[in-house]
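Taken together, the values in this text are just the output of simple stated rules run on the coordinates, not laboratory data. These numbers were taken from a predicted model, which means no experiment stands behind them. Cβ placement follows ideal geometry from the backbone for every residue including glycine, while neighbour counts extend to all protein chains displayed.
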């Protein structure tokens, strides 16, 4: 039972400092207390500066983690001494002898366990989902406030406030770090998977922003999910299905951006660029997830991704199979994005007018949804009703959230004028 | 060939604002610069200096803690290099990543050869 992650998937995660940050913060939060999170973060940050200065001049030691652990740990002990907190944390710093031992990096398995407990702590039920998401990125993945703000296209100040709020709850509510058991586990695991799912989707969303950092969000989501596979009580069908879905979607990353840095939609992607290892492992995890009872939302989404990613070409996509998966999914999860995707697939199977008819029952959702309106415009264009197409496209433009989207739609509208 | 000493000052304030990923990227810039010097056989030795230290004066009767200077004036590290002239040594120093920081600077000094 060691930390497992396919090498082919893992090799892209070359972020030593960021990941060391997350590992060390988790280890010290376990070793000392979640209450000390600010001190812990400062100490870990400080150890990274020291390391960077030293390793600029001389080669990195064979075990950089052990070096960082020792330096950060000493820093925390210094702080506790100065602050006279040694009474409450005397176990950790009572004698020099223990201190020596305390400076030895724990074994791999213990480090994995520390991070597992930390995942559950960051997804504590007193926090809102966005707070859970941001806190996980900060404490487990080592992203700075600035980087998180950039990834979510949010103001730095607002992000900082959300993280500060989450940290107050982390300090005051979390208490002892542990992986919950029994009925508690079920509920908390659901929240954890949800956070990983949101994290992945935030990175995968086709919106403007730094693509590199968005891709990193996806990689972090996958990494956290793989961490969970180390805990037998968490390693269920839903987790496997979630991993499968993420791998199958992430397989498309190399084909998603053209040379000019523009995002390409599915039909324009060069499928030979899809990452075969991701597909292979995604397939494997989908297969493994089916050994568990019942079918989850994640499993349906993984199966849909699987059909999309493994189709020989966009035209040869098995739309019928995808539609039947969406028919089930829309019942389990009747949210706009699922309904819209289903309508799109429906139009591929039964034609645009059939899909437009189907949309009549969804007016309320469509009118407030920019991409739904754009789809409706496309379907009208497909059946040759250009005036209806233009009206809907205009409505969609008025709701576009960002400049890239608006430009894309306006360009389309121009090409529709006079038709 | 003559030996020259680079004394590095400043840059710490900027580093304190960096995320772990940025710290790592910064370290890589230094490493690339130093490897460039090493490949040309111009790098002799160098290390960072710790912030804490002692000042000894008055014939050894007065010992105080630490460098007195402001953050940007404290020598944070040194490097010894080979160069044919002070001009070349100065030119070489311009690639140093510490210069990316507003308060970062390099002092270039020839080492007296008796």
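Worth a mention:
- Exposure proxy ranking, count of Cβ atoms within 10 Å, fewest first, for A:27, A:246: A:27, A:246
- Tensor-based shape of region A:289-373 (alpha-carbon gyration tensor, a/c under 1.5 rounded, otherwise prolate or oblate): oblate
- Peptide A:141-148, shielding by other chains (average Cβ, 10 Å cutoff): 3
- The calculated 222 nm mean residue ellipticity attributable to helices in chain B amounts to -9000 deg cm²/dmol, summing -39500 (n - 2.57) over DSSP H runs of n ≥ 4 and dividing by all residues.
- Other protein chain Cβ atoms within 10 Å, averaged over every residue that makes up B:24-33: 5
- Acute angle (nearest 10 degrees) that the helix A:276-289 long axis makes with the longest principal axis of chain A, alpha-carbon atoms: 90 degrees
- Alpha-carbon centroids, region B:6-68 and region A:312-332: separation in whole Å: 59 Å
- Taking 0.36 nm per residue of separation and subtracting the current Cα-Cα distance, fully stretching the chain between residue A:350 and residue A:310 would add 12.2 nm.
- Residues of region B:1-34 falling in the label zone of residue B:75, defined by backbone nitrogen less than 15 Å from a point 7 Å along Cα to beta-carbon, are B:4-10.
- Global form of region B:2-110, assessed from the alpha-carbon gyration tensor, a/c cut-off 1.5: oblate
- A helix-only calculation puts chain A at -22000 deg cm²/dmol for mean residue ellipticity at 222 nm, using -39500 (n - 2.57) for each DSSP H run of at least four residues, averaged over all residues.
- Cα gyration tensor category, rounded, prolate or oblate, for the protein assembly as shown with a/c compared to 1.5: prolate
- Ordering of B:81-89, B:18-26 by packing [mean C-beta count within 10 Å, highest first]: B:18-26, B:81-89
- Between 0 and 90°, nearest 10: helix A:297-310 axis offset from chain A longest Cα axis: 70 degrees
- Put a dot 7 Å past the Cα of residue A:154, heading toward its Cβ, do the same for residue A:388, and the two dots end up 4.0 nm apart.
- For A:54-66, mean number of other protein chain Cβ atoms within 10 Å: 4
- The label point for residue A:365 and the one for residue A:109, both projected 7 Å from the Cα toward the Cβ, are 4.7 nm apart.
- Cβ-Cβ FRET estimate between residue B:63 and residue A:79, R0 fixed at 22 Å, reported to 0.05: 0.25
- Folded to 0 to 90 degrees: helix A:156-173 orientation relative to chain A principal axis, Cα: 50 degrees
- Fully extending the segment from residue A:46 to residue A:266 would add 74.8 nm, taking 0.36 nm per residue of separation and subtracting the current Cα-Cα distance.
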